[in-house]
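Enquirer: Dumping the structure here so I can ask a few things about it.
Quick note: the coordinates plus some simple rules give every number you see, no bench work behind them. Bear in mind the structure is a predicted one, so any value in this text is a computation, not a measurement. Glycine gets a Cβ as well: all are built from the backbone with ideal geometry, and neighbour counts include every protein chain shown.
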Amino acid sequence: MSDMSQLRIDARGVAWLTLTRPEVHNAFDDALIGELNAHLDQVRQAADSGEVRVLVLGSEGKSFSAGADLNWMKRMVDYSVDDNLADSRELSRLMHGLDSLPCVTVCRVQGAAFGGAVGLAACCDIVIASDRAKFCLSEVRIGLSPAVISPYVQRAIGSRQMRRYALSAEVMDADTAQRLDLVHRVVAAEELDAAIDAMLDTLLATSPQASRATKALLAEVVRDTDSDATRERTCQVISELRTSAEGQEGLASFLEKRRPAWTDTSSSASPPSSTNKKGSAS
């Protein structure tokens, strides 16, 4: 595997997945997509086993990701429809894999996020961006479409806004992206890592079991918002959680005014240096 991205799992169960192609603004190509898919498979296994509780998706350098790599686009000129279909399916697997991870996902956006990078942000549960970040569904400018990422971005910003920004390819600043619900919080560039750390502290204080169950339930609810089956499923989830070991511990700790047993108050959650691969999962 090449070295265009890195995955590290720290002692608190935070997985740091980082794009490491700053020299090309972390642009996508088929090799990077393949790497990210492999990393997400590892994260899913670790999340299923309880080793990972939160994934932070970020990147090195000035840009979060500039979208498609220029050399990849040059190669795609000669691709057949079948070749393009295979490529698109791998990108679709990446988006679905990120969107459906059982753990909570946080996206750290420090700069430009164009094309498929907007899809990555939309697939994450929580997006925190620098005030220097910019977002653009740029595909129509070069005769393409944000097709594969469209279900996730449209879910985030709504169909009306999706029509505008997918058809105009306008650049959104961070505040606009926040107003459209693509971004949850915008902070000054120098405060971005502190904001990520604060969010991790908040997430790691929650029940691991309840967090996984809630994320899975919300995915079901959005697919079928108002039906007898959905209402029954919501009743089942809360009933199972109330009688579980973590549910009982959570209720007891609340009533006894103490911290729950799963709370870990250990070390800082600052991202690992790209040059320090100790503890790397790949």
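Enquirer: Round to the nearest 10 and give me the degree value, 0 to 90, for the angle of helix 228-243's Cα axis relative to the longest principal axis of the chain.
Expert: 50 degrees
Enquirer: Does anyone have the angle between helix 30-49 and the longest principal axis of the chain? Alpha-carbon axes, 0 to 90°, nearest 10?
Expert: It is inclined by approximately 10 degrees.
Enquirer: Could you identify which residue out of 143, 13, 158 has the top mean-square fluctuation in a GNM of the chain using Cα springs shorter than 10 Å?
Expert: Checking each option, the largest mean-square fluctuation is seen for 143.
Enquirer: Given +1 on the Cβ of Lys and Arg, -1 on the Cβ of Asp and Glu, and no further charges, what dipole in debye does the chain carry about its Cα centre, rounded to the nearest 20?
Expert: With only Lys, Arg, Asp and Glu charged at Cβ, the dipole is about 420 debye.
Enquirer: Same structure again: Evaluate the charge dipole of the stretch 29-154 about its Cα centre and quote only its size in Debye, nearest 20, assuming +1 on the Cβ of each Lys and Arg and -1 on the Cβ of each Asp and Glu.
Expert: Approximately 480 debye in magnitude.
Enquirer: Relative to the present Cα-Cα distance, how much length would full extension add between residue 3 and residue 175 at 0.36 nm per residue of separation? Show your work: numbers first, answer last.
Expert: Values: separation 172, 0.36 × 172 = 61.92 nm, distance 3.30 nm.
Here the answer is 58.6 nm.
Enquirer: Anyone know which of 188, 252, 166 comes out most mobile in the 10 Å Cα GNM of the chain?
Expert: 252
Enquirer: With both bridge residues required to lie in the chain, what share of the DSSP beta bridges run antiparallel, to the nearest 5%?
Expert: 30 percent
Enquirer: Identify which of 52, 183, 237 has the largest mean-square fluctuation in a Gaussian network model of the chain, with springs joining Cα atoms closer than 10 Å.
Expert: Residue with maximal mean-square fluctuation among 52, 183, 237: 237.
Enquirer: Looking at the chain, how many pairs of lysines come closer than 26 Å at the Cα, when each pair is eight or more places apart or spans two chains?
Expert: 5
Enquirer: For the stretch 133-271, what is the charge dipole size about the Cα centre, in debye to the nearest 20, if Lys and Arg each add +1 at the Cβ and Asp and Glu each add -1 at the Cβ?
Expert: 400 debye
Enquirer: Per residue of the chain, what 222 nm ellipticity follows from adding -39500 (n - 2.57) for every DSSP H run with n ≥ 4, rounded to the nearest 500? The partial results should precede the final answer.
Expert: On the way: 11 runs with 134 residues, N = 282.
Estimated from H runs of four or more residues: -15000 deg cm²/dmol.
Enquirer: Here is a further query. How many nm separate the modelled label positions at residue 77 and residue 155, each set 7 Å beyond the Cα in the direction of the Cβ?
Expert: 3.6 nm
Enquirer: Continuing with this model, one more query. Quick one: length gained pulling residue 198 to residue 49 fully straight, 0.36 nm per residue minus the C-alpha distance? The partial results should precede the final answer.
Expert: Working: separation 149, 0.36 × 149 = 53.64 nm, distance 2.49 nm.
Between residue 198 and residue 49, full extension yields 51.1 nm more.
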